[in-house]
């Protein structure tokens, strides 16, 4: 699931107010993208995101394995509370921008190349080796950039746990942001919506049109590799759990024998 918000201007009570359109798209079990839902919130607060996610789950959303978003605090907290067990992937594009902003101008291009190499590493272990080298090389010349990357590293490289086939499209929020750009293209004509109902009518029609195009067009992913990997992980997990239980039973018997 990829989530993002779009700030719109709506006339309410004789005043123009900024409101957030909360939007999520997902990839279903057979690999097609879907619009999961759109809801207007007063802001991008944790409460608004919590209400939105509860609404989505009430409409039948289940089995969320990965959530991709930016680092908005309220959003991240809501994801962790409402989708326990799911992995949160921090958008690498947003983190790269944060790192660049914390880097001296003369080093920005060089640092960007190094950070990109970390994010495109073949596995987490390699990414950690590259992170250690980056931290050592720029500890003196760009300490703020090093600190920013180190803080965000684990969340930004969560996608490396997935098979390589799926990483490129799930490492950033680009997919949902492209949808937002299409919404913006229509919204600029109106500029200020006369009320909330007009937002729901315009955006609802656009999103339904996009959802139909996605679900009747080409598949976004071939999910065969994903489900094979999930089955392998479940098998390993069950064997590990069984082994741990057996060890616990043996220790229990030994303890009773000692008594």
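Kindly state, to the nearest 0.05, the FRET efficiency for residue 11 paired with residue 59, given R0 = 35 Å and r defined as their beta-carbon distance.
For residue 11 and residue 59, the calculated efficiency is 0.80.
Determine the relative contact order of the chain: mean sequence separation of Cα pairs under 8 Å and six or more apart, normalised by residue count, in whole percent.
In percent, rounded to a whole number, it is 23.
GNM, the chain, Cα, under 10 Å: largest mean-square fluctuation among 145, 106, 127?
106
Restricting attention to the alpha-carbon atoms of the chain, what are Rg (one decimal) and Dmax (integer), both in Å?
For the chain, the Cα radius of gyration and maximum Cα-Cα distance read 22.3, 81 Å.
Does anyone have the angle between helix 92-101 and the longest principal axis of the chain? Alpha-carbon axes, 0 to 90°, nearest 10?
Taking the Cα atoms of the chain, the angle to 92-101 is about 80 degrees.
So what is the diffusion coefficient of the stretch 92-172 in µm² per second by Stokes-Einstein at 37 °C and 0.692 mPa s, using a Kirkwood Rh over Cα pairs?
Roughly 260 µm²/s, to the nearest whole number.
Ranked by Cβ crowding within 10 angstrom, fewest neighbours first, how are 93, 216 ordered?
Least crowded to most crowded, the residues run 216, 93.
Among 204-210, 3-9, 185-191, how do they line up from the highest to the lowest mean number of other beta-carbon atoms within 10 Å?
For the peptides 204-210, 3-9, 185-191, the packing ranking is 3-9, 204-210, 185-191.
Calculate, in nm to one decimal, what residue 150 and residue 188 gain on full extension: separation in residues at 0.36 nm each, minus their alpha carbon distance.
Taking residue 150 through residue 188 to full extension adds about 9.8 nm, to one decimal.
Quick one: angle between helix 46-58 and the longest Cα principal axis of the chain, in degrees between 0 and 90, rounded to 10, please.
It is inclined by approximately 80 degrees.
Among 176, 129, what is the fewest-to-most ranking by other Cβ atoms within 10 Å?
In increasing order of surrounding Cβ atoms, one gets 129, 176.
What FRET efficiency do you get for residue 224 and residue 126 if R0 is 30 Å and r is their Cβ-Cβ distance, rounded to the nearest 0.05?
Efficiency for this residue pair is about 0.70.
Indicate the gyration tensor shape class of the stretch 20-155 (rounded, prolate or oblate), computed on the Cα atoms with a ≥ b ≥ c the square roots of the eigenvalues: a/c under 1.5 is rounded; otherwise a/b larger than b/c is prolate and the rest oblate.
Here the stretch 20-155 falls in the prolate category.
Checking the a/c ratio against 1.5 first, then a/b against b/c, what shape does the Cα gyration tensor give for the stretch 35-94?
oblate
Could you give the C-alpha radius of gyration of the stretch 144-188 expressed as a fraction of 2.2 N^0.38 Å, taking N as the number of residues it contains?
1.59
Given the Cα-Cα distance of residue 34 and residue 169 and 0.36 nm per residue of separation, how much length would full extension add, in nm?
47.1 nm
Using Cα atoms only, what is the angle between the long axis of helix 108-119 and the major principal axis of the chain, expressed in degrees (0 to 90) to the nearest 10?
60
If R0 is 30 Å, what FRET efficiency do you get for residue 18 and residue 215 from their C-beta distance, rounded to 0.05?
0.40
Would you mind ranking 150, 51 so that the residue whose beta carbon has the fewest other beta carbons within 10 Å leads the list?
Ranking 150, 51 by Cβ neighbours within 10 Å, fewest first, gives 150, 51.
Each reported figure results from applying straightforward, stated rules to the coordinates on display, with no laboratory input. Since the model is a prediction, treat every value here as computed from it, not as a measurement. Note: ideal-geometry Cβ built from the backbone for every residue, glycine included; neighbour counts use all protein chains shown.
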